Amino acid sequence: FDEPATGYQGKFSMQHCVACALVDGKVSLSSFTEAKVRDPLIAEMRRKVRLTYPDLPLFPGLTAAGPGQRYAGNPVTVRLKDGRTYSAQADVLRGDPELPLTDDDLRGKFADCARNVLSAEDTQRSLHALFHLDEVPNVRALTDILMATGAANR
């Protein structure tokens with residue numbers, strides 16, 4: 001979707017994802033809301049994103065995937081108004097065993113996913129339990145936090 005009309009369409013719009021990354025400095029669940037899709041600054045940036053397809057398959061090696069298969073990321077180039085360009089290519093994605101997420105990354109990702117269903121206090125309590133699971137005498141302490149919130153939202 002070059003110009004997504006809904007938050008859901010934003011998930012499938014490279015222009016939208018790139019615009020959010022450039023404007024907000026990150027892409028998160030809040031990047032895919034109706035408000036974000038309609039945000040004038042995001043919409044303006046989306047219109048500046050141009051996709052080109054070099055002589056690389058979109059997912060190199062996908063059809064020949066097997067144990068030990070390495071993938072090559074697609075190159076990204078940012079061209080500024082003054083003519084400067086910045087290029088990069090990520091062949092290993094964050095979260096891959098070769099480039100694992102940090103504990104802070106995991107906490108942030110969990111909090112981002114939990115914010116619509118857990119209170120800030122329950123998010124912190126559940127994070128503490130998850131990061132100290134070996135010290136939790138009974139996993140019920142964690143599931144009680146999650147189940148109580150889930151029942152309240154039904």
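The values are calculated or read from the model by the stated rules, or taken from the named source; none is laboratory data. Here the structure is a predicted model, which is why all the values come from computation and not from measurement. We place every Cβ from the backbone using ideal geometry, glycine too, and count neighbours over all the protein chains shown. The area values use the complete protein model at the heavy-atom level, side chains included, leaving out ligands, DNA and RNA. Shrake-Rupley method; radii C 1.70, N 1.55, O 1.52, S 1.80 Å.
Find the residue count for region 83-97, including only residues that are in contact with a Leu (Cβ under 9 Å, 6 or more places away or on another chain) and outside any loop (DSSP other than H, G, I, E, B).
1
Between a first residue in region 128-145 that is more than 20 Å from Asp104 (Cα to Cα) and a second residue that is in a helix (DSSP H, G or I) and open to solvent by 100 Å² or more (accessible area, probe 1.4 Å), which pairs have beta carbons less than 8 Å apart while being 6 or more apart in sequence or on different chains?
Ile145/Arg125
For the condition modelled with pLDDT under 85 and hydroxyl-bearing (Ser, Thr, Tyr), what is the one hit in Tyr86, Tyr71?
Of the residues listed, the single one that is modelled with pLDDT under 85 and hydroxyl-bearing (Ser, Thr, Tyr) is Tyr71.
Pick from Leu101, Leu118, Leu127: which is in a loop (DSSP other than H, G, I, E, B), modelled with pLDDT of 90 or more and farther than 25 Å from Val18 by Cα?
Values: Leu101 fails: farther than 25 Å from Val18 by Cα; Leu127 fails: in a loop (DSSP other than H, G, I, E, B).
Only one candidate qualifies: Leu118.
Please go through region 8-42 and give me each residue that is of a type in the set (A, V, I, L, M), buried (at least 16 other Cβ atoms within 10 Å of the Cβ) and more than 18 Å from Pro75 (Cα to Cα), ordered by number.
Val23, Val27, Val37, Ile42
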